[in-house]
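Before any comments, here is the structure.
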Amino acid sequence: MQMIKGNRMAIDRSSWCVMAVLVLSSCATGRTDESMEIHVSLLVDSATRSPRSQMKAMEALEHMGEPAVPYIVAHLGDMRPVASRTIAFANTSPQSFEAFRHYKSETVHDALSALLNQMTGQGFESVSNGATSAQRLQNVRKWVRWCKQAYPDHAKHCEGG
């Protein structure tokens, strides 16, 4: 919601976040490591706000493609609950028998793990529909190890560093 105060426009936090994501999205070409890290972080954070923002965030992260993978892997330690347990991704496999892949994720980690599987075809521990803390921790370790091998030039980003 926008309010005009004198010569200034006050913008609420959710509107500001949407504008920030849009501005960062417009910088898709030639994105620096720092701007990619910020963009991914904003989107991951928005996955905890509302079901609609979660859906938009997952779509935007997927649309960012392979360059975003190390930065997404860096967020696998995020165990906050997602805004909506239900997530779905278009099933692009030629052998698919359904149009969408559906998950019941409990945490940001679970949702990002499903997203990374969608983006890379890789999968480690089965956490996309919920898991124990130990399974999630093991999944993080495996994704980080894979990420460092698959993206050696961005290995420091695989761990969030």
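The values are calculated or read from the model by the stated rules, or taken from the named source; none is laboratory data. None of these values were measured; they are calculated from a predicted model. Positions of Cβ are generated from backbone atoms using ideal geometry, with glycine treated the same way; all protein chains shown enter the neighbour counts.
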Task: Elements of type helices (runs of 4 or more DSSP H) in segment 74-161, at least 1 residues being hydroxyl-bearing (S, T, Y) and over 23 Å from H39 (Cα atoms) - done: 133-150
Open item on the list: Just checking, does segment 57-65 include any residue being within 16 Å of the chain's Cα centre (by Cα) and at pLDDT below 90?
Closed with: no
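A quick yes/no check of all residues on (1) modelled with pLDDT under 90; (2) touching a strand residue (DSSP E or B) at 6+ places or on another chain (Cβ under 6 Å); (3) more than 18 Å from E159 (Cβ to Cβ); (4) aromatic (F, W, Y):
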position: L42; (1), (2), (3), (4): no, no, yes, no
position: D45; (1), (2), (3), (4): no, no, yes, no
position: S50; (1), (2), (3), (4): no, no, yes, no
position: V69; (1), (2), (3), (4): no, no, no, no
position: E106; (1), (2), (3), (4): yes, no, yes, no
position: A114; (1), (2), (3), (4): no, yes, yes, no
Open item on the list: Any residue at all in segment 89-98 that's within 17 Å of A60 (Cβ to Cβ) and surrounded by 15 or more Cβ atoms within 10 Å (Cβ to Cβ)?
Closed with: yes
TODO: Go through segment 99-127 and give me each residue that's surrounded by fewer than 16 Cβ atoms within 10 Å (Cβ to Cβ) and small (G, A, S).
DONE: A99, G121, S126
Task: Close pairs (7 angstrom Cβ cut-off, 6 or more residues apart or separate chains): under 10 Å from L76 (Cβ atoms) in segment 132-160, β-branched (V, I, T) and in a helix (DSSP H, G or I) anywhere - done: W143/V73; V144/V73; C147/V69; C147/V73; C158/V73; C158/V144; E159/V144
Open item on the list: Exactly one condition in (1) part of a helix (DSSP H, G or I); (2) free of Cβ contacts under 8 Å to residues at least 40 places away in the same chain is false for V44; which is it?
Closed with: (2)
Task: In segment 71-88, residue surrounded by the fewest Cβ atoms within 10 Å (Cβ to Cβ) [restricted to those that are touching a Phe, Trp or Tyr at 6+ places or on another chain (Cβ under 9 Å) and modelled with pLDDT under 90] - done: T86
